[in-house]
Amino acid sequence: MVDRLANSEANTRRISIVENCFGAAGQPLTIPGRVLIGEGVLTKLCRKKPKARQFFLFNDILVYGNIVIQKKKYNKQHIIPLENVTIDSIKDEGDLRNGWLIKTPTKSFAVYAATATEKSEWMNHINKCVTDLLSKSGKTPSNEHAAVWVPDSEATVCMRCQKAKFTPVNRRHHCRKCGFVVCGPCSEKRFLLPSQSSKPVRICDFCYDLLSTGDMARCQPTRSDSYGQSLKSPLNDVSDDDDDDDSSD
């Protein structure tokens, strides 16, 4: 089916429409063999609060952006190569339901569909695209993924020292290795994580000590450690936007 659509006029026209919706700031999306599989609005769990984002699934990439005008204009385009993607289902908790994790070496995050059927369709299509890509390339699935950031709303105190309370002066930071919300004194060090940045990035003292001794596996928290309670905590907008890799997220 995908091969039949690859060079069709209808597919080319659909991709051109997506390109135009992102305007001059978006990257070109039309390349030989690329097929637009589907699109839709998903709720992305961002740093401060859940936000609606427009997603486009192609046979080789996943694209999403901020909604400026529904079905007409989007900005802040993000392009994720599917061969680096792994997805995991999330159990329903609180008001956010029908969710799953999108994990890549550079960035990982949670998204939610409007219904269980939509979730199933999205996950099935993504998995099929990833499987087909890896089969054609002969590559193995990626086993390295960036941590899913714990939302600001989960932490009223530093998740490492358990003492420092967050205020407009004592701002929140995120460890790029474990995703924990930490205070400034607990995250003064930097470490080079090549999959995320060409420059050393902020990490917490705990992860720094483990990375320095080569015990990198222990830096990565389990989902229940870092993520589970985030769906149930009240929102609190005291945060450090300058410390976010995308201030809108």
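The values are calculated or read from the model by the stated rules, or taken from the named source; none is laboratory data. The structure presented is a predicted model; accordingly, all values stated were derived computationally and were not measured. Methodologically, a virtual Cβ is constructed for each residue, glycine included, from the backbone with ideal geometry; neighbour enumeration extends over all protein chains shown. Remember, those area values only see protein heavy atoms, side chains included, never the ligands or the DNA or RNA. Shrake-Rupley method; radii C 1.70, N 1.55, O 1.52, S 1.80 Å.
This table checks each residue for (1) under 20 Å from residue 36 (Cα atoms); (2) in a loop (DSSP other than H, G, I, E, B).
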| residue | (1), (2) |
| --- | --- |
| 62 | yes, no |
| 78 | yes, no |
| 102 | yes, no |
| 109 | no, no |
| 114 | no, yes |
| 120 | yes, no |
| 127 | yes, no |
| 130 | yes, no |
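Given the criterion open to solvent by less than 50 Å² (accessible area, probe 1.4 Å) and part of a strand (DSSP E or B), identify the matching residue among 66, 11. Full working, then the answer.
Details: 11 fails: part of a strand (DSSP E or B).
Testing whether each residue is open to solvent by less than 50 Å² (accessible area, probe 1.4 Å) and part of a strand (DSSP E or B) leaves just 66.
Residue 35 versus (1) closer than 13 Å to residue 109 by Cα; (2) crowded, with 20+ Cβ neighbours inside 10 Å: which is the lone unmet condition?
Condition (1) is where residue 35 drops out.
Would you check if there is a residue in region 179-200 being assigned to a loop (DSSP other than H, G, I, E, B), free of Cβ contacts under 8 Å to residues at least 24 places away in the same chain, of a type in the set (Ser, Thr, Tyr) and within 19 Å of residue 109 (Cα to Cα)?
yes
If you scan region 205-233, which residues turn out to be more than 13 Å from residue 147 (Cα to Cα), modelled with pLDDT of 50 or more and open to solvent by less than 30 Å² (accessible area, probe 1.4 Å)?
If the condition is that a residue be more than 13 Å from residue 147 (Cα to Cα), modelled with pLDDT of 50 or more and open to solvent by less than 30 Å² (accessible area, probe 1.4 Å), then 210, 211 are the ones that fit.
Would you mention how many residues in region 83-100 are on the phi < 0 side of the Ramachandran plot and either in a helix (DSSP H, G or I) or not hydrophobic (A, V, I, L, M, F, W, C) (or both)?
The number of residues fulfilling the criteria is 11.
I'd like to know if region 56-67 contains one or more residues that are of a type outside the set (Ser, Thr, Tyr) and more than 20 Å from residue 126 (Cβ to Cβ).
Checking region 56-67: at least one residue is of a type outside the set (Ser, Thr, Tyr) and more than 20 Å from residue 126 (Cβ to Cβ).
Hey, could you check region 86-98 for residues that are touching a residue at least 40 places away in the same chain (Cβ under 8 Å) and in contact with a Ser or Thr (Cβ under 8 Å, 6 or more places away or on another chain) and say which is nearest to residue 148 (Cα to Cα)?
Of everything passing the filter in region 86-98, 86 is nearest to residue 148 (Cα to Cα).
Is there a residue being of a type in the set (Asp, Glu) and modelled with pLDDT under 95 anywhere in region 110-125? Before the answer, list the steps.
Restricting attention to region 110-125, the residues satisfying the condition of being of a type in the set (Asp, Glu) are 118, 121.
Right, trim to modelled with pLDDT under 95 and you get none.
So far as region 110-125 goes, no, none of its residues is of a type in the set (Asp, Glu) and modelled with pLDDT under 95.
Just to be sure before I move on: is residue 148 over 20 Å from residue 39 (Cα atoms), of a type outside the set (Lys, Arg) and surrounded by 21 or more Cβ atoms within 10 Å (Cβ to Cβ) in the structure I sent? Before you say what the answer is, go through the steps one by one.
Details: over 20 Å from residue 39 (Cα atoms): yes; of a type outside the set (Lys, Arg): yes; surrounded by 21 or more Cβ atoms within 10 Å (Cβ to Cβ): yes.
For residue 148, the condition - over 20 Å from residue 39 (Cα atoms), of a type outside the set (Lys, Arg) and surrounded by 21 or more Cβ atoms within 10 Å (Cβ to Cβ) - is met.
Taking residue 153, is it at pLDDT below 95 and either in a strand (DSSP E or B) or open to solvent by less than 20 Å² (accessible area, probe 1.4 Å) (or both)? Steps first, answer last, please.
Working: at pLDDT below 95: yes; either in a strand (DSSP E or B) or open to solvent by less than 20 Å² (accessible area, probe 1.4 Å) (or both): yes.
Yes, satisfied.
For a quick check of your reading of the model, give me the residue pairs whose first member lies in region 73-85 and is among the β-branched types (Val, Ile, Thr), whose second is surrounded by fewer than 18 Cβ atoms within 10 Å (Cβ to Cβ), with beta-carbon atoms closer than 8 Å and at least 6 apart or on different chains.
79/27; 85/142
Starting from region 28-41, keep only residues that are closer than 20 Å to residue 118 by Cβ, then list their pairs with residues that are charged (D, E, K, R) and surrounded by 12 or more Cβ atoms within 10 Å (Cβ to Cβ) whose Cβ atoms are within a distance under 8 Å, requiring at least 6 positions of separation or different chains.
Going by the 8 Å Cβ cut-off, the qualifying pairs are 36/14; 38/121; 40/118; 41/53.
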